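Asker: Would you mind keeping the following structure in view while I ask a few things?
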Amino acid sequence: MTIKKSHYISGLTITIFIGLHLFNHFCSIFGADKHIEIMNNFRHFYRNIFVETVLLLAILVQIISGLKLFRTHRQIATSQFDKLHIWTGLYLAIFFIIHLSAVLGGRLFLHLDTNFYFGVSGLNSFPFNLFFIPYYGLAILSFFGHVAAIHNKKMKSKFLNLTPKQQATAILIFGFVLTITIFYGLTNQFKGVEIPKDYEVLIGK
């Protein structure tokens with residue numbers, strides 16, 4: 001199997017999880033309890049040894065193949081969407097490494113439930129939010145940027161009277177709106193979230 005093929009297949013696998021994950025974060029606009037309730041329901045699907053193993057392997061393949069593709073393709077990317085494809089892929093690879101390390105560290109070493117509060121502790125605490133706002137924001141935008149670039153490359157016909165480039169642009173706009181909406185929920189409508197005592201270790205308290 002070629003690097004491109006393995007990258008594509010692992011990407012599709014990860015996209016299923018990311019779709020569920022982003023929907024879960026979107027539901028934070030209804031409150032932390034609703035976010036945790038939906039997360040617990042989703043965990044029946046992905047929090048088991050088989051699915052987690054497949055997901056971890058897919059992420060590992062995605063990181064390794066993505067970095068190799070970045071190294072070989074960054075010089076030949078010419079169009080704006082080609083460049084978007086390359087650079088969003090690099091950011092996602094870096095994000096996966098940091099995020100996966102943090103989540104596994106929280107579960108295995110800090111013995112925390114990596115739920116809503118694990119994710120938003122830094123996002124709602126100064127000065128940590130100076131890092132976490134762009135860190136999470138760029139991750140979501142990079143995901144939709146990557147999808148938009150792939151869509152623009154593979155889509156050959158109009159849909160709803162939109163050209164492939166216009167469709168890709170619509171994906172980017174949707175990603176931007178969703179990012180703002182998710183931040184709205186994860187920061188309790190921009191007013192901040194009260195962090196439970198067990199999670200204060202994440203912000204040095």
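Asker: Please work out the C-alpha center-to-center distance from the range 161-201 to the range 23-39 and express it in whole Å.
Answerer: 13 Å
Asker: Compute the long axis of helix 129-154 from its Cα atoms, compare it with the longest principal axis of the Cα atoms of the chain, and write down the angle in degrees, 0 to 90, nearest 10.
Answerer: 30 degrees
Asker: Scan around L162 for amide H atoms under 5 Å from its own, H built in the peptide plane at 1.01 Å from N, and keep only partners 5 or more places away or cross-chain.
Answerer: none
Asker: Limiting things to C-alpha atoms, what are the Rg and the maximum Cα-Cα separation (Dmax) for the chain, in angstroms?
Answerer: For the chain, the Cα radius of gyration and maximum Cα-Cα distance read 17.8, 55 Å.
Asker: Let me ask you something else. How far apart, in nm, are two points set 7 Å out from the Cα along the Cα-to-Cβ line at A170 and at Q80?
Answerer: 1.8 nm
Asker: A further question follows. Amide H of L112: which non-local residues (sequence gap of 5 or more, or other chain) have their own amide H closer than 5 Å, using H built in the peptide plane?
Answerer: Under 5 Å from the amide H of L112 lie the amide H atoms of R107, each far enough along the sequence or on another chain.
Asker: Net charge within 14 Å of A77 by Cβ-Cβ distance, Lys/Arg positive one each and Asp/Glu negative one each, not counting A77 itself?
Answerer: In short, +3.
Asker: Can you order the peptides 65-75, 81-91 by their average number of other Cβ atoms within 10 Å per residue, highest first?
Answerer: The most tightly packed comes first, giving 81-91, 65-75.
Asker: Compute the angle between helix 49-73 and the longest alpha-carbon principal axis of the chain, please, reported from 0 to 90 degrees and rounded to the nearest 10.
Answerer: Approximately 50 degrees, to the nearest ten.
Asker: Counting only pairs 8 or more residues apart or on different chains, how many lysine pairs in the chain have their Cα atoms under 22 Å apart?
Answerer: Here the count comes out as 24.
Asker: Continuing with this model, one more query. Sorted from fewest to most neighbouring beta carbons within 10 Å, what does the list S79, S6, S121, S157 look like?
Answerer: S157, S79, S6, S121
Coordinate-derived values only; no laboratory data. Remember, it's a predicted structure, so these values are computed and weren't measured experimentally. Counting neighbours? That spans all protein chains shown, and the Cβs are built from the backbone with ideal geometry, glycine included.
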